[in-house]
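Below: the structure, in structure tokens.
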Amino acid sequence: MSEQQKMQRPPAEVQYAEQLALLAELDNQPRPPGWALSLNAARRFILGDEKLGIERKIVADVASIERMLVTLATGRGLMLVGEPGTAKSLLSELLATAISGTSSLTIQGGASITEDQIKYSWNYAMLINEGPSLKALVPAPLYQGMRDGKIVRFEEITRAPLEVQDCLLGMLSDRVMTIPELNDDHNLLYAQEGFNIIGTANTRDRGVNEMSAALKRRFDFETVFPIMDFQQELDLVATASNRLLEKSAIPHTVPVEVLELLVTTFRDLRGGEKSAGKGGDSAMDRLTAVMSTAEAVNVAHAVGVRAWFLEQRSGEPADLVECIAGTVVKDNADDRAKLRRYFEQKVAKKPGNHWRAYYQARHRLP
């Protein structure tokens, strides 16, 4: 087994290395300074190119992807916002890979993150013995991105404390990082061509650590919307879950009828829209749980794992009931009641043997 096969989730630059090499070889269009690919080649990497055998990696509007690439080419930071599970992180990974050839310079926002985890820290043994020097400096993602001219990803930026967020201001405005501990020859790090920042923030965290107006001005914002088309969402869930099941050494895929149940249920329970799935009906009340496409992929994977490793078969509607309950219910009693009501008011009325089997397994709900 290769090292890539041992990885639970290979980064985009590893998973799509052959596609990146092919695009770079054929790419004869002008590239922004510091970019690995031209804008058109980067767009083909993300949205696919049938002639070259490059798969579409995300469901997104062509115009929005072009706007994102243009923003990054102008040197302005890019902020991706939207509901949880709308593939903002995947999109930032693909953009960073297409532009810089790597997506590894990633900062994960959170309440405990500190400025030195973003910029740089010190090897304290060397610091004590030799004093501050470049040898004693331990570069963090922001330092590496500026030094090497690479894209830095800042995930869930609104979950980071405000003082940590605001340390980005100088890097985005003047493209320089001050390192006061070093002498005059090394106390300023100037960003190289190709450096930029892609941030992500989900709308459910709005108000946790709201970005300052000064920081917002240095980003262009792009909203990432849920997938509106039923067939597109179904195809994505099928493709992504099949890949995960293959990685889990499972010889079966989840039957399309079970995936239709899953996607229709998620779309119904998101609330506020009429489901476009087979047997779709008016939506239920909106749940507090995140009923995203990413969660649907996780549930489909769980259905396949449960069916194969427990009973050596492919997934069935009853498996879906077992697996969907943990996603929807979590610790919210209201969501539990809404899920039960959904089965009684919606699932019971939908035609087809797979819907009937789905309804008959409702006793498996918690």
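A short reminder: the numbers here are calculations on the coordinates, not readings from a lab. Small disclaimer: the values here were computed from a predicted structure and weren't measured. Positions of Cβ are backbone-derived with ideal geometry, glycine not excepted, and every protein chain shown enters the neighbour counts.
Using the rule -39500 (n - 2.57) for each DSSP H run of four or more residues, divided by the residues of the chain, the 222 nm mean residue ellipticity is -13500 deg cm²/dmol. If you take all other residues with their beta carbon under 12 Å from the beta carbon of Gly77, and give Lys and Arg +1 and Asp and Glu -1, the sum is +4. Selection among Val14, Thr327, Thr158 by position relative to the dipole of the chain gives Thr327 as farthest towards the positive end (Cβ unit charges, Cα centre). Each Cα pair of segment 290-361 feeds into the Kirkwood radius, which the Stokes-Einstein equation turns, at 25 °C and 0.890 mPa s, into a diffusion coefficient of 190 µm²/s.
If the only charges are +1 at each Lys and Arg Cβ and -1 at each Asp and Glu Cβ, what is the size of the charge dipole of segment 1-63 around the Cα centre, to the nearest 20 debye? Please list the in-between numbers first.
Details: 8 positive and 9 negative charges, 31 e Å.
Dipole magnitude for segment 1-63 comes out near 140 debye.
Between Asp268, Asp61, Asp27, which gets the highest mean-square fluctuation from a Gaussian network model of the chain, Cα cutoff 10 Å? Looking only at Asp268, Asp61, Asp27, the biggest GNM fluctuation is shown by Asp61.
Exceedance of the 21 Å cut-off in Cα-Cα distance is limited, within the set Lys57/Lys88; Lys6/Lys150; Lys6/Lys88, to Lys6/Lys150; Lys6/Lys88. Considering only Leu91, Leu261, Leu22, the Gaussian network model of the chain with Cα springs below 10 Å gives its largest mean-square fluctuation to Leu22.
Each of the peptides 251-259, 109-117, 143-151, 194-202 was scored by the mean count of other Cβ atoms within 10 Å over its residues; in descending order, highest first, they stand as 194-202, 143-151, 251-259, 109-117.
Loop only per DSSP, at most 16 neighbouring Cβ atoms within 10 Å: give me the GluC sites (Glu not before Pro) in segment 142-238, ordered by residue number. Intermediate values should be presented prior to the final figure.
On the way: sites: Glu155, Glu156, Glu163, Glu181, Glu193, Glu210, Glu222, Glu233; in loops: Glu156, Glu181, Glu193, Glu210.
The qualifying sites are Glu181, Glu193, Glu210.
The residues packed around Gln29, meaning those with a beta-carbon under 15 Å from its beta-carbon, carry a net charge of -1 if Lys and Arg are +1 and Asp and Glu are -1.
Largest first and in whole Å, what are the equivalent-ellipsoid semi-axes of the chain based on the Cα gyration tensor, each being the root of 5 times an eigenvalue?
Working: eigenvalues 354, 107, 81 Å².
Rounded to whole Å, the semi-axes are 42, 23, 20.
Exposure proxy shown here: for Glu246, Glu66, the number of other Cβ atoms within 10 Å sets the order, fewest to most, as Glu246, Glu66. Electrostatic tally near Asn196: other residues with Cβ closer than 13 Å to its Cβ, Lys and Arg +1, Asp and Glu -1, net +2. Taken about its Cα centre, the chain carries a charge dipole of roughly 1100 debye when the Cβ of each Lys and Arg holds +1 and the Cβ of each Asp and Glu holds -1. Distances between placed amide hydrogens fall under 5 Å for Gly48 paired with Lys57, all partners being 5 or more residues away or on another chain.
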